[in-house]
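This report refers to the structure that appears directly beneath it.
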Amino acid sequence: MSELKTFAAGEYDVMRIMTKIPHRAPFLLIDRICEIVPMDRILAQKGVTYNEPYFAGHFPQRPVMPGVLIIEAMAQAAGVLVVESLGKEAEGKLVYFMGIEEAKFRKTVVPGDSLHISAQITQNRRTVWKFRGEGKVDGALVAEANFTAMIVDP
């Protein structure tokens, strides 16, 4: 099993994340990686601010982060995990969603929250990867899902 890698604040920030996955503002939904165990799991963080573009319409009087974007944040963290796990083998490749199962939303995520996103590999067969993802705020589970992704050449 691979060794746990933890990162100090600023050590694995958004600039480093952008070297691993192609997402950019306003669709980059993770701000920092807290820890990684290659070929196993990742913990990422998203500081949710009122300035997020989706809050203008979801919902202006009571802003709530859309559940599908929480799942997207899980997938982005999983993408970083895949790229870090494969190393040079992943260079120039993309990670695409294939499916989402058993998604559940338990609490709302609102401006000011710090969303902690985890993704754990549950299965890997060549280019297809399966994950279990969770989102937590203040230690409370806010969302969870199983999802499948494929790593491909662009």
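Quick notes on this one:
- Given (1) open to solvent by less than 30 Å² (accessible area, probe 1.4 Å); (2) within 18 Å of LEU28 (Cβ to Cβ); (3) aromatic (Phe, Trp, Tyr), index of the condition TYR50 fails: (1)
- Hits in the stretch 4-26 - residues which are touching a residue at least 40 places away in the same chain (Cβ under 8 Å) and closer than 19 Å to ASP40 by Cβ: ILE17, LYS20, ILE21
- Only a single item in (1) of a type outside the set (D, E, K, R); (2) out of contact with any Leu (no Cβ under 9 Å at 6 or more places or on another chain); (3) surrounded by 19 or more Cβ atoms within 10 Å (Cβ to Cβ); (4) free of Cβ contacts under 8 Å to residues at least 60 places away in the same chain is not met by VAL80, and it is number (4).
- The residues on offer are VAL14, VAL83, and the sole one that is more than 17 Å from ASN124 (Cβ to Cβ) and under 14 Å from the mean Cα position of the chain (by Cα) is VAL14.
- Note on the stretch 54-66: among residues that are assigned to a helix (DSSP H, G or I) and more than 16 Å from ILE30 (Cβ to Cβ), the one that is least open to solvent (accessible area, probe 1.4 Å) is PHE55.
The values are calculated or read from the model by the stated rules, or taken from the named source; none is laboratory data. It should be emphasised that the depicted structure is a prediction, and the values quoted were computed from it without experimental measurement. Don't worry about glycine lacking a Cβ; one is built from the backbone with ideal geometry, like all the others, and counts go over all protein chains shown. In case anyone asks, the SASA skips ligands and DNA or RNA and just uses the protein heavy atoms, side chains included. Shrake-Rupley method; radii C 1.70, N 1.55, O 1.52, S 1.80 Å.
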